[in-house]
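The values are calculated or read from the model by the stated rules, or taken from the named source; none is laboratory data. None of these values were measured; they are calculated from a predicted model. Cβ sites come from the backbone with ideal geometry, for glycine too, and all protein chains shown count toward neighbours. Note: accessible area is taken over every heavy atom of the protein model, side chains too, but ligands, DNA and RNA are not part of it. Shrake-Rupley method; radii C 1.70, N 1.55, O 1.52, S 1.80 Å.
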Amino acid sequence: MIQFSNIETLPKTSSITIRKFKSLGINTYFDLLNYFPFRYEDYSLISKIKDAQPGETVTVIGEITEGKYQVTQTGLRIQVFKLQDETGEIELGFYNQPYLLRLFKKGLNLSVAGVIEQYGRKLSMKPKEYELTDSGQACLRKQARITFKHVGRIIPIYPEKRGLSSRTIREKVSLVFASATSEVADRLDEMLPKEIISLNNLIEEQTAYRQIHFPESKDAAQKARERLAFDELFTIQLSSHLVKKEWQKEKVGNKFTVGTIHELSLQNFIDNLPFRLTNAQNRVWSEIRTDLLRSVPMNRFLQGEVGSGKTVVAALACYLSYLNGYQSLMMAPTEILAQQHYNTLIKLFKNYELRITKIAGANKIRDLQSVINKSDLIIGTHALLNKRFKKVGLVIIDEQHRFGVSQRAELKNKGLNPHLLTMTATPIPRTVALTLYGELDLSLIDEMPYGRLLVKTYLVPKHKRPSCYDWIKFQISNFKFQIFIVCPFIEESEIETMKSVKAAKKEFENLKTIFSGFKLALLHGKMKSKEKEKIMNDFKNQRTDILVTTPVVEVGVDIPNATVMLIEGAERFGLAQIHQLRGRVGRSDKQSYCFLFTEKEDSGILGRLGMFTKTNDGNKLAEEDLKIRGPGDIYGMRQHGYLDLKIASLSDYQLIERTKKAVEYFEKHYEIEKFGELKKRVEKYRKGKITKD
Ligand code: ADP
Ligand code: MG
């Protein structure tokens, strides 16, 4: 395929504009074609001036007969023009665009789109877009419509970034289509096999690119969007598919076996647990166990709600690794979580010889390396990977989603090719998981341990807050139960800022007054990890009654004695996120409660939160978020950068299913080597995936 021209060769384009494009990652004509509009304005109704009706959005074409500058009574500067065609005259008032007086010279042909207004008997137009045309008459001919860019048709509206206006982008995109070198016709190769296109009732790629920018109808724009979204999802899924196939060819560095003795040891471990494994835990363990006995490295993604008992399943895997004489690494995103895993695992392996070490960031142990060498299970944050290990058979990663392509490569570079288990409590709709983690095998713990009571959830109206506080005080005084209060100081980006910390501190003071006589502590993301650890430990050891936190703090903390989760400003969170917060209580056999406070009591919010109080199914809530608020609100999804889909939407289940089938079909019938364009895009996507991690 012929290379697309560099964006610098765009005619009639200033170097400033070129620089702006480049800063958006637009380096070629092709990149520009892939900058998609997010909506359209319909200016396709072309009207004679006399026929234009007040309230109508139309395009009129005429000759400029007058232009002048005016200041309105309210002090607005306007530029007023008169436009005439063979049927009549209309007045156009532009606000604050003095340069138009130079541009719109008397006698020129001008096409303007806007809304018709009537003052008395005088017809005027509030102009939205304009275009100077060589001959107004010629443009009326239907076939000539394509020459219109900004008026007389359905026009694309683009996301305006880095000071690039929609109008500029539209102008430049039209230059690409008009380019003498015919960028689109000659260089834009069809990426899919004909059969897949026709089986899926898709339009051709070149048509799709043209119609997404300059559609002939709303319908055509829709078809174009469908085609390009299909391309995108197809590329992503095919790329995961190929990664998976590649991984299938790998061999683990250290192969596991399970003979009768190991079998008995494993069974013994399970029998001696303080509880019975749930069916879901048993099922997932058998999936993992099967993987572990293969020589192909495991790449499994284990999803399970907070409290569903993922750790014990992971422990079983570590135990099998140990029985085979290999080390296991367990990594958590924070030190608190690493510490928690350490505590849990120490307990689980109390009566076993397996040696467990926790490596903290500020570990001062002398001779750390020899401690590591003597350990069977090493727990820490991701910094763990900088250490050297003797014989690693298994790596477990908690709450770090995309431990995938690049990290696997990183491990391999270190001479390790272990089994990999990634775990998350984030509820992710299944279709989404299949799309985003296509290269991984999925396991789901979809059942809570026996005897666990559902958390009772209430939406608390404003006037009932005082009684809610009283009830909480009663719970603490009488039962010594502990309370979480989550404050909503959260920025759009879910990144905690100093501003939100300040707000949290203020709220903390306020709560201290409300709960005077009780012991409160504040935990936020900007604290040093030592400090955080102390506060968590105090809470865990019941030295504090109420822990006030910001929501970004630690997803998986386990405080069985905490029975109340109070969420302020609940409307600001996605449902999946409140669900995760709710999951911090109800981790024992005591009845737990979740209270939602909201400042905004409109019907939409009350409806959404009301529904939340009635559901305990995290995946269902995640689907709901996806429908109402988009994937950004599925907790954690935004931070992990999965949202850079250009045109497809993760909530379009149907299209995800269709493209998945199409990938299977492609795999069966075609060789990617023969599809140059597709191969290129798949590789590009993979590279993006690697660097983004
Ligand atoms: P998560 O999936 O959130 O990591 P954990 O593994 O921390 O959940 O388990 C939460 C709590 O449930 C722990 O205290 C654990 O000991 C307990 N637990 C795990 N499995 C069971 C079970 N089958 N029955 C009863 N309690 C269980
Ligand atoms: Mg956990």
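Quick test of your reading of the structure: residue 475 fulfils all but one of (1) assigned to a loop (DSSP other than H, G, I, E, B); (2) more than 26 Å from the chain's Cα centre (by Cα). Name the failing condition by number.
So residue 475 meets the others, but not (1).
Going by the structure shown, is residue 240 small (Gly, Ala, Ser), more than 30 Å from residue 351 (Cβ to Cβ) and not in a helix (DSSP H, G or I)?
Numbers: small (Gly, Ala, Ser): yes; more than 30 Å from residue 351 (Cβ to Cβ): yes; not in a helix (DSSP H, G or I): no.
So residue 240 fails the test.
For the range 1-108, please list each of the helices (runs of 4 or more DSSP H) lying entirely inside it that holds at least 1 residues being touching a Pro at 6+ places or on another chain (Cβ under 6 Å) and surrounded by 14 or more Cβ atoms within 10 Å (Cβ to Cβ). Give the steps one after another, and end with the answer.
Details: elements: 15-23, 29-33, 99-103.
Fully inside the range 1-108 and qualifying: nothing.
May I ask you to verify whether residue 56 is under 30 Å from residue 224 (Cβ atoms) and touching a residue at least 60 places away in the same chain (Cβ under 8 Å)? Let's see the steps before the verdict.
Details: under 30 Å from residue 224 (Cβ atoms): yes; touching a residue at least 60 places away in the same chain (Cβ under 8 Å): yes.
Spelling it out, residue 56 is indeed under 30 Å from residue 224 (Cβ atoms) and touching a residue at least 60 places away in the same chain (Cβ under 8 Å).
Could you say whether any residue in the range 275-285 is touching a Lys or Arg at 6+ places or on another chain (Cβ under 8 Å), in the same structural domain as residue 426 (by TED's automatic domain parsing) and either modelled with pLDDT under 95 or assigned to a helix (DSSP H, G or I) (or both)? If you could, list the steps in order and put the result at the bottom.
The initial filter retains those residues of the range 275-285 that are touching a Lys or Arg at 6+ places or on another chain (Cβ under 8 Å), namely none.
Among the residues of the range 275-285, not one is touching a Lys or Arg at 6+ places or on another chain (Cβ under 8 Å), in the same structural domain as residue 426 (by TED's automatic domain parsing) and either modelled with pLDDT under 95 or assigned to a helix (DSSP H, G or I) (or both), which makes the answer no.
What number of residues in the range 523-566 are aliphatic (A, V, I, L, M) and open to solvent by 20 Å² or more (accessible area, probe 1.4 Å)? Working first, answer last.
First, pick out the residues of the range 523-566 that are aliphatic (A, V, I, L, M): 523, 527, 535-536, 546-548, 552-553, 555, 557, 559, 562, 564-566.
Next, from what is left, pick out any that are open to solvent by 20 Å² or more (accessible area, probe 1.4 Å): 527, 535, 552, 555.
Result for the range 523-566: 4.
So, of the residues in the range 426-448 that are open to solvent by 10 Å² or more (accessible area, probe 1.4 Å) and in a loop (DSSP other than H, G, I, E, B), which turns out to be nearest to residue 247 (Cα to Cα)?
440
Using the structure shown, decide if residue 257 is part of a helix (DSSP H, G or I) and more than 16 Å from ligand 1 (Cβ to nearest atom).
On the way: part of a helix (DSSP H, G or I): no; more than 16 Å from ligand 1 (Cβ to nearest atom): yes.
Answer is no for this residue.
For the range 659-689, name all the residues that are at pLDDT 90 or above, within 10 Å of residue 235 (Cβ to Cβ) and hydroxyl-bearing (Ser, Thr, Tyr).
659
So which residues in the range 299-327 are open to solvent by less than 20 Å² (accessible area, probe 1.4 Å), away from ligand 1 (no atom under 13 Å from the Cβ) and over 19 Å from residue 286 (Cβ atoms), if there are any at all?
Within the range 299-327, 327 is the sole residue that qualifies.
Please tell me if residue 230 is more than 34 Å from the chain's Cα centre (by Cα), buried (at least 17 other Cβ atoms within 10 Å of the Cβ) and more than 16 Å from ligand 2 (Cβ to nearest atom). Reasoning before the result, please.
Details: more than 34 Å from the chain's Cα centre (by Cα): no; buried (at least 17 other Cβ atoms within 10 Å of the Cβ): yes; more than 16 Å from ligand 2 (Cβ to nearest atom): yes.
No, not satisfied.
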